[in-house]
1. Determine, yes or no, whether B:ALA474 is at pLDDT 90 or above and away from chain A (no Cβ under 12 Å).
2. Name every residue in the stretch B:269-317 that is in contact with a Leu (Cβ under 8 Å, 6 or more places away or on another chain), at pLDDT 85 or above, buried (at least 19 other Cβ atoms within 10 Å of the Cβ) and over 17 Å from B:GLY70 (Cα atoms), in order of residue number.
3. Kindly check whether there is at least one residue in the stretch B:449-461 that is under 24 Å from the mean Cα position of the chain (by Cα), at the interface with chain A (Cβ under 10 Å from one of its Cβ atoms) and more than 23 Å from B:LEU335 (Cβ to Cβ).
4. Would you confirm, using the coordinates I've provided, whether B:ARG224 is modelled with pLDDT under 85, surrounded by fewer than 16 Cβ atoms within 10 Å (Cβ to Cβ) and out of contact with any strand residue (DSSP E or B) (no Cβ under 7 Å at 6 or more places or on another chain)?
5. Kindly indicate which of A:THR77, A:THR81, A:THR85 is at pLDDT 95 or above, polar (S, T, N, Q) and crowded, with 17+ Cβ neighbours inside 10 Å.
6. Taking the options B:VAL415, B:VAL376, name whichever one is at the interface with another protein chain (Cβ under 10 Å from one of its Cβ atoms) and farther than 27 Å from B:ILE323 by Cβ.
7. Among the residues of the stretch A:1-58, how many are among the basic types (Lys, Arg), assigned to a helix (DSSP H, G or I) and either touching an Asp or Glu at 6+ places or on another chain (Cβ under 7 Å) or free of Cβ contacts under 8 Å to residues at least 12 places away in the same chain (or both)?
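The values are calculated or read from the model by the stated rules, or taken from the named source; none is laboratory data. Note that this is a predicted model, so its numbers are computed, not measured. Cβ placement follows ideal geometry from the backbone for every residue including glycine, while neighbour counts extend to all protein chains displayed.
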Amino acid sequence: MPARDRPVALILLLLAAYTIAAARDMSYMQGRTPGPGFAPFWIGVGLAVASLAILIRRPTDPARAADPPAAAGSTSTLIATTAVTVMAVALAERLGMIAALVLLLGGLVRIFGGSWRSAALTAVILPLGLYILFGRWLQVPLPRGPWGF
Amino acid sequence: MDALRLLIDGFAVAVQPPNLLAAAIGVMVGQIIGVLPGIGPASTIAILLPVTFSLNPTAAMIMFVGIYYGAQYGGTITSVLLSMPGESSSIMTTLDGYQMALQGRAGPALGIAAFGSFIAGTLGVVALMFMAPALATVALAFGPPEYATLLVLSFSLVVYLTGRDRAKGAVSTLLGLWLAVVGVDLISGLPRFTFGQLKLLSGIPFVPVAIGLFGLAEVLASVREGRAGDLVRADLSLRGVLPTAADWLASRWAILRGGLIGFFVGILPGAGATAASMISYAAEKRFARQPERFGRGAIEGVAAPESANNAAAVGAMVPLLTIGVPGSATTAIMLGGLLVFGLRPGPLLFQQQPQFVWGVIASMYVSNLLLVALNVAAIPAFVALLRVPRAVLLPSVVALAVVGVYSLENNVFEVWLALAAAAIGYVMNRQGYPAAPLVLALVLGKTLEESVRQSLLLSRGTLAIFVTRPLAAAFLVATVALVASSMLRRRA
């Protein structure tokens, strides 16, 4: 087993144990038909078997163990992408969806290496387009911020 | 002849202006996302689902099919000009297509891919037209035991055929089933794995998970891999992309064999267009008089996989429409969309909604025609798309996904769910866990549980019902054979 498989397999095994334990608290059979715990129990058992199979096997194929190469600087880009996206979603109801999208797009275009000009253009044009599509055409009540949009 | 009459009725539906427009938008969007590496048809359909809820179901499905189809065509362009498949189903095309481009024959490579896709796709639709109603008639005899065992067989096939690591495929399927049982149990009323969250009582909604797992996770994956490449310069004028008589002669059997292999592989759950293109490439190489030409710019090496991936996209519609069992992530998302529209694909759909079914089938002919025209006449326009900076494209996908998911329930909770699914999808991608089985199991998990419960209710709790009914027994035997062969092969 490639070493990088182990932590995830262990987490899956824990999830399997939790699922089986939770299923035992639900009813397994109700009369002659499966109860609410029937499916979770067997899903838990299946997860346990599959994650154990991953945990105990030996590496047989070096290609399988190889992690695909990451582009230079990709980790910091990923962290920044996640942070900006989470922040924009968290602020969507306070600032309004359009303002959150402006922040999201402006931030992400810069993070992905775009110029200030493309960041500004994208952050203006796309939220406007999305507002027309969702807010006007599809009549979705997008959250509004203190400035009325 | 009944099929022909129904098809004519279907054409009357397909050529209605809203449906024609849906087909045109679908093939255009599909072609565009096929050209752009990093975004696939599954993620696009998932992201566009909320937008299509304002359309009628026929137009929406026609658009989805157009996207699926268009993506198979579009993926070729980057394979040939960049040696970078726009879609996984165009991976094999890079081998000979890029070599042809380096030899100054990018035009004929793209041309034969377009014509081959058109011929194989159209033959696939003909096969679908005659096969689907027959299969739907057989499926009418399905009861809960048949559905339960068929779903178990489908999940096993998906695990068997998706990816190289079957244990990870099994984990992915089981995670999907786990997510499917979240929410209130409809029979007992007991909440399961809701962790006190009221919003989870009605279960995990499918669309945010699909958008997160495919759309957003794909963005994260392409950030990590930093995909880029150099475009090969080529004559892409109308004359430049038309294959010569010698090209046609060399490719004719490859197109037919690719179409045949693609259609039947496409029917199998989990196999999909990628497996079809790989198998047809391998078959063509085996049939070739000079197999050493493959990988060095053999036109058959482009014609076969490209014909196969289009025919497979049609083949994948057979189990979706006839028995309501999708064979791939893309068709699983289509099924999820149809369920939202209140349509349940399956044998009864052919009886109760013939206009819908035959309208969609007829639209496939229309989409094929539109696509071949687009691919012969407008390749330069699509090549220009490759110049859209990644720095603008990827954030746009994220923004569309966020607003699209919000619009489902007008709630940020779904957006958080999509972000969580994106994180899980990213980890799965890094760790080699395929995402498609999870989506299939999430869509079909409740049906499986219901079918097992109904079966045991019918049999008063005895499992014998799964082996005493011939079809159910046949599905079980096939499942056992599949699992056994998988285990034996690993030991060998």
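1. yes
2. Within the stretch B:269-317, B:TYR281, B:PHE294, B:GLY297, B:GLY301 meet the criteria.
3. No, the stretch B:449-461 has no match at all.
4. no
5. Exactly one of A:THR77, A:THR81, A:THR85 is at pLDDT 95 or above, polar (S, T, N, Q) and crowded, with 17+ Cβ neighbours inside 10 Å, namely A:THR85.
6. Only one candidate qualifies: B:VAL415.
7. 1
To keep it simple, each residue is scored yes or no on (1) of a type in the set (Gly, Ala, Ser); (2) out of contact with any Ser or Thr (no Cβ under 9 Å at 6 or more places or on another chain); (3) away from chain A (no Cβ under 11 Å).
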site: B:LEU400; (1), (2), (3): no, yes, no
site: B:GLU409; (1), (2), (3): no, yes, no
site: B:GLN431; (1), (2), (3): no, yes, no
site: B:PRO434; (1), (2), (3): no, no, yes
site: B:LEU444; (1), (2), (3): no, no, yes
site: B:THR447; (1), (2), (3): no, yes, yes
